[in-house]
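S.K.: Take a look at this one; I'll ask things after.
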Amino acid sequence: MNHNNVKLAAGLYFVATPIGTARDITLRALDILASADVIAAEDTRSMRKLMDIHGIALNDRPLLAYHDHNGGKMRPKLLDYLAQGLSVAYGSEAGTPLIADPGYHLSKEAAEQGYLVTSAPGPSAFVTALTLAGLPTDRFLFEGFLPNSKSQRRSKFQDLMDIQATLIFYESPKRLAAMLADAADVLGASRQAVYCRELTKKFEEVRRGTLGTLAQETQGATIKGEVVVLIDRAHEPNVNELDLETQLRNALSTMSVRDAAETVAQVTGLPKRQIYKMALDIGSNTEG
Ligand code: SAM
């Protein structure tokens with residue numbers, strides 16, 4: 001048995017749970033799960049399973065579901081337990097609650113009402129991925145999940161284009177190839193990127209490359225499991241303006257604006273939209 005029964009002060013205890021390997025739970029998290037008066041979980045089945053693995057008995061304590069679909073109804077109930085002077089532990093299905101997971105409104109309201117709100121920190125997929133990716137960690141932007149629609153996803157990349165930070169996304173394995181292709185198109189195929197799959201699990205995998213190569217690699221492939229994508233910040237391109245213009249003029253002498261922009265974007269790794277605009281400018285100046 002790895003846990004102690006401890007006397008917990010009344011309050012709300014956020015508990016981080018493993019993102020794969022069940023033993024990635026802290027001893028304090030186990031103490032809290034063993035001792036809280038009430039347990040709430042995004043997914044009660046996975047919480048029960050985790051408690052079983054670690055030999056924690058539920059006994060006659062309530063185990064309640066709290067997730068995106070019943071939050072409005074369940075929150076007053078959980079706050080009422082706090083009002084009764086009880087301790088409430090909350091865990092999401094995997095990783096840290098509130099990180100692309102429920103818990104924000106619960107945390108906010110409990111704090112606003114003056115209850116103790118505390119956290120037993122532990123795994124989170126984006127921190128684990130950042131540790132392994134080999135991309136700069138001095139500044140990062142956690143975007144969570146991108147919109148499903150292609151046009152919204154591309155416009156989100158447009159917004160993120162100049163941000164000087166490592167960009168971090170959660171992504172479904174089914175959308176990974178399309179996401180990488182859009183990222184390569186909008187942000188430029190030469191940007192470094194990494195995807196981390198099945199972190200802490202048996203088939204953990206870290207793939208590093210440019211957005212262009214990763215997009216190509218995943219095209220048509222069957223990708224399974226859970227995925228975090230990280231994209232390096234924009235760096236000053238290695239092509240000077242003059243070279244770029246010469247390359248574009250050469251391409252424009254034999255190709256349409258669209259094809260020339262596509263070819264030069266591929267060669268330089270610069271974003272297609274930027275090259276296309278430049279090609280249009282060259283075209284209109286030449287005509288004038
Ligand atoms: N709260 C969690 C955390 O702290 O990371 C995130 C929950 S979010 C609903 C689930 C997403 O996290 C997955 O779709 C995937 O992008 C990422 N994720 C969770 N576990 C992962 C793992 N073992 N390997 C890679 N990505 C993972």
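S.K.: Suppose we keep only residues that are in a strand (DSSP E or B) and not basic (Lys, Arg) within the stretch 204-225. Which one would you say is farthest from GLN192 (Cα to Cα)?
M.R.: Residue satisfying both the conditions and the ranking: GLU205.
S.K.: Filter the stretch 24-38 down to the residues that are charged (D, E, K, R) and within 22 Å of the chain's Cα centre (by Cα) and list them by number.
M.R.: ASP24
S.K.: Would you mind stating whether PHE169 is part of a helix (DSSP H, G or I), within 17 Å of the chain's Cα centre (by Cα), crowded, with 18+ Cβ neighbours inside 10 Å and modelled with pLDDT of 95 or more?
M.R.: no
S.K.: Another question, then. Just give me the residues in the stretch 188-198 being over 18 Å from the mean Cα position of the chain (by Cα) and either under 30 Å from ALA22 (Cα atoms) or of a type outside the set (Ser, Thr, Tyr) (or both), in sequence order.
M.R.: GLY188, ALA189, ARG191, listed by residue number.
S.K.: Considering SER190, SER151, which residue is outside any strand (DSSP E or B) and crowded, with 19+ Cβ neighbours inside 10 Å?
M.R.: SER190
S.K.: Pull up the stretch 64-88, narrow it to residues that are within 16 Å of the ligand (Cβ to nearest atom) and out of contact with any Ser or Thr (no Cβ under 6 Å at 6 or more places or on another chain), then point me to the one that is farthest from SER107 (Cα to Cα).
M.R.: Within the stretch 64-88, the match that is farthest from SER107 (Cα to Cα) is HIS69.
S.K.: Turning to a different aspect of this structure: Between a residue in the stretch 240-251 that is among the hydroxyl-bearing types (Ser, Thr, Tyr) and any residue that is in a helix (DSSP H, G or I), which pairs come within a Cβ distance under 6 Å, given they are 6 or more apart or on different chains?
M.R.: Nothing qualifies.
S.K.: While we're on this one: Scan the stretch 128-148 for residues that are in a helix (DSSP H, G or I) and either modelled with pLDDT under 95 or surrounded by fewer than 19 Cβ atoms within 10 Å (Cβ to Cβ) (or both) and report the count.
M.R.: 2
S.K.: If a residue counts only when it is surrounded by fewer than 15 Cβ atoms within 10 Å (Cβ to Cβ) and at pLDDT 95 or above, which helices (runs of 4 or more DSSP H) contained entirely in the stretch 1-109 have at least 2 such residues?
M.R.: Those helices (runs of 4 or more DSSP H) span 44-53, 71-83.
S.K.: Next up: Would you pick out the residues in the stretch 89-122 that are among the polar types (S, T, N, Q) and within 14 Å of the ligand (Cβ to nearest atom)?
M.R.: Passing the criteria: SER92, THR96, SER107, SER119.
S.K.: Sticking with this structure for a sec: Give the residue that is nearest to the chain's Cα centre (by Cα), with candidates limited to residues of the stretch 199-236 that are surrounded by 13 or more Cβ atoms within 10 Å (Cβ to Cβ), more than 16 Å from the ligand (Cβ to nearest atom) and touching a residue at least 40 places away in the same chain (Cβ under 8 Å).
M.R.: ASP232
S.K.: Of everything in the stretch 90-124 that's β-branched (Val, Ile, Thr) and under 15 Å from the mean Cα position of the chain (by Cα), which residue is farthest from GLY20 (Cα to Cα)?
M.R.: By that ranking, first place goes to ILE99.
S.K.: Also, quick follow-up: Of the numbered conditions (1) closer than 21 Å to TYR276 by Cα; (2) in contact with a Gly (Cβ under 6 Å, 6 or more places away or on another chain), TYR170 fails exactly one; give the number of that condition.
M.R.: Result: TYR170 passes all but (1).
The values are calculated or read from the model by the stated rules, or taken from the named source; none is laboratory data. Bear in mind that the values here come from a model prediction, so they are computed numbers and not experimental data. Note: ideal-geometry Cβ built from the backbone for every residue, glycine included; neighbour counts use all protein chains shown.
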